[in-house]
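Working notes, structure below.
The values are calculated or read from the model by the stated rules, or taken from the named source; none is laboratory data. Computed from a prediction, not measured in an experiment: that's the story for all the values here. Glycine also receives a Cβ, built like all others from the backbone with ideal geometry; neighbour counts cover every protein chain displayed. Heads up: the accessible areas ignore ligands, DNA and RNA and are worked out on the full protein's heavy atoms, side chains in. Shrake-Rupley method; radii C 1.70, N 1.55, O 1.52, S 1.80 Å.
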Amino acid sequence: MNRGQVILVDDDPIIRQSTSQWLQMAGFEVIVCERAAEALTHLNEAFPGVLVSDVRMPEMDGLELMMEARRRIPELPVILITGHGDVDMAIGAMRDGAYDFIEKPFIPERLVETINRACEKRRLVLENLRLQQDLASHSGIDSKIIGISPAIQKLRRDILKYAALNTNVIIYGETGSGKELVAQCLHEFSPRSECNFVPINCGAIPETLIETELFGHEAGAFTGASKKRTGKFQHADGGTLLLDEIESMPASLQVKILRSLQEGVIEPLGSNKQISVDLRIVAASKADLSVEENFRQDLYYRLNVSCLYLSPLRERTEDIPLLFEYYARQSATQHERELRRVTRQDLINLQQHAWPGNVRELKNIAVRYALDGSLPVVDLLYPEMIEPVDVTQVDSSLSLGAQVANFEYKVICEALRQHRGNIKAVMEMLDLPRRTLNQKMVKYQIERTDFVDE
């Protein structure tokens, strides 16, 4: 397994050879250089590893190499290998940006551990850089429907295909999956984009008001109707009308919508005059309208010309880092905050989460992450799991939540101890799903490997 790349610089051939062999045995890909100038030829912004250099070298020493390397790549981890007399110098170098220094004679395991941490940091920097570049390079529909998964790539193609057609569309997707955003894109990239995009949530309007919301009314049509009102159908004339949560629309209104679609006219409440409308209907639903008992099949067939299906976020985890970065950066910029770097553990927690609220939930988490620099991602995802103050001690003065956390910690540790770190056996013993067990182990900082050899 390749644990990362290392540029090793040392003018002593024996140290160079022995250190290189040790690092290769530990799983690193090693580029060996005798002089600093040679090492610089291997460095570029995309270099995925770390620089390890002796301090005392002819021509250009390790400190000068470090300064030049970090001038070219500001966030490159540089590890200095120093003799005993160079310690004060190395401490000063750390203030100037060195990642760490190792004093000769060094213990190989310590060098390997330090390089491993530095490579992890470099991978994270490059991953964040890639996310930023991906976001910056997006334009057109790529800047609106964000993601790299095959499902999202197909969705973008389908949106552009259906946008060019003057047909009705049904969008299926779970709550929070972005159905309204997709409808907006269908409108924006269509020939109707110069006219209005009008969304209405059929499930959020009382049954007594939805008819007048859609078709409008004349003054005096009912008690309280003091003036004429233009309905959503007429307001969307020439453009696009989104009927969100259409599965919740009253049956009596479904008949009127079907008639309007068939004849291209509406009749405001309290009026005998028919008004011609030319609009595209986009319907959005959580339920399958073809089998929904309370939904008229003749209206379904009128709407079901084209269909788009939005995959839930849990089925396209490769999109999560990009979406999180996008919404967090957007919020930080809006509120003039400096965006803190997402750690690899943050990304793991994000991708292990079930996301029942889909993209809407992720956006909320990203905004809170950007605005509150004190909270790690795991606390934002699971606020009900309070931070245990000291889970290794029993204290009746602790709050109930802390005592529960204490108990959970001990039960999980005991189960891991009994089964020697076997996660499957612990899941069966505690009757916990894998995701829940992982979440609790992350929360309480329990490492399975601590129990493997017991």
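Worth pointing out:
- Where only C-alpha atoms are counted, convex hull volume of the chain per residue in Å³: 225
- At q = 0.17, 0.18, 0.24, 0.34 Å⁻¹ the log10 of I(q)/I(0) for region 90-131 amounts to -0.58, -0.63, -0.88, -1.04, computed by Debye summation with a single uniform scatterer per C-alpha, solvent ignored.
- Highest-first packing order for the peptide set 152-158, 59-65 is 59-65, 152-158, based on the mean count of other beta carbon atoms within 10 Å.
- Partners of K363 within straight-line reach, counting lysines whose Cα lies under 21 Å from its Cα and excluding those fewer than 8 residues away in the same chain: K144, K179, K286.
- Amide H to amide H distances under 5 Å link L165 with no residue, where only residues 5 or more positions off or on other chains count and H is placed in the peptide plane.
- Between helix 400-418 and the chain: long-axis angle, C-alpha atoms, 0 to 90°, nearest 10: 60
- Three-way shape label, region 27-121, alpha-carbon gyration tensor, a/c 1.5: rounded
- Three principal axis extents describe the C-alpha atoms of region 235-392; from largest down they are 74, 36, 28 Å.
- Placing unit charges on the Cβ atoms of the charged side chains and taking the dipole of the chain about its Cα centre, the candidate lying farthest along the positive direction among I446, L23, L126 is L126.
- For the set H235, H217, the ranking by accessible area, highest first and with no ligand, DNA or RNA atoms included, is H235, H217 under a 1.4 Å probe.
- Amide N of region 227-258 lying under 14 Å from the label point, which is placed 7 angstrom from the Cα of E292 along Cα→Cβ: 242-255, 257-258
- With the whole protein complex present, I107 retains an accessible surface near 110 Å², based on a 1.4 Å probe.
- Farthest toward positive dipole pole in the chain [+1 Lys/Arg, -1 Asp/Glu at C-beta], among T167, A415, I81: T167
- Measuring only protein heavy atoms, the 1.4 Å probe finds L40 accessible over about 20 Å².
- Phi-based couplings in Hz for region 33-46 (Karplus 6.51, -1.76, 1.60; Gly and Pro marked x): 10, 8, 10, 4, 4, 5, 4, 4, 5, 8, 9, 8, 4, 8
- Highest mean first, the peptides 278-287, 420-429, 356-365 sorted by other C-beta atoms within 10 Å per residue fall in the order 278-287, 356-365, 420-429.
- Stretching the chain fully between Q334 and A37 yields a gain of 102.5 nm (0.36 nm per residue, less the alpha carbon separation).
- Computed from point charges on the beta carbon alone (+1 for Lys and Arg, -1 for Asp and Glu), the dipole magnitude for the chain about its Cα centre is near 1400 Debye.
- Charge dipole of region 169-265 about the Cα centre (unit charges at C-beta), most positive-ward option of I246, G216, A183: G216
- Here the spin labels are modelled as points 7 Å beyond Cα on the Cα-Cβ line, and at E113 and F407 they lie 3.7 nm apart.
- Long-range HN-HN contacts of I170 with modeled amide H, under 5 Å: A283, V305, S306, C307, L308
- What the phi angles of region 431-444 give under the Karplus curve with 6.51, -1.76 and 1.60, with θ = phi - 60°, is a coupling list of 6, 10, x, 4, 4, 5, 4, 4, 4, 6, 5, 5, 4, 8 Hz, glycine and proline written as x.
- Ranked by the mean number of other Cβ atoms within 10 Å of their residues, highest first, the peptides 239-252, 405-418 come out as 239-252, 405-418.
- Tilt relative to the chain, helix 150-163 - C-alpha long axis, 0 to 90 degrees, to 10: 30
- Under a 5 Å amide H cut-off, with hydrogens placed 1.01 Å from N, E103 pairs with T82 among residues at least 5 apart or on other chains.
- Å² per residue, accessible surface of region 175-217 at 1.4 Å: 44
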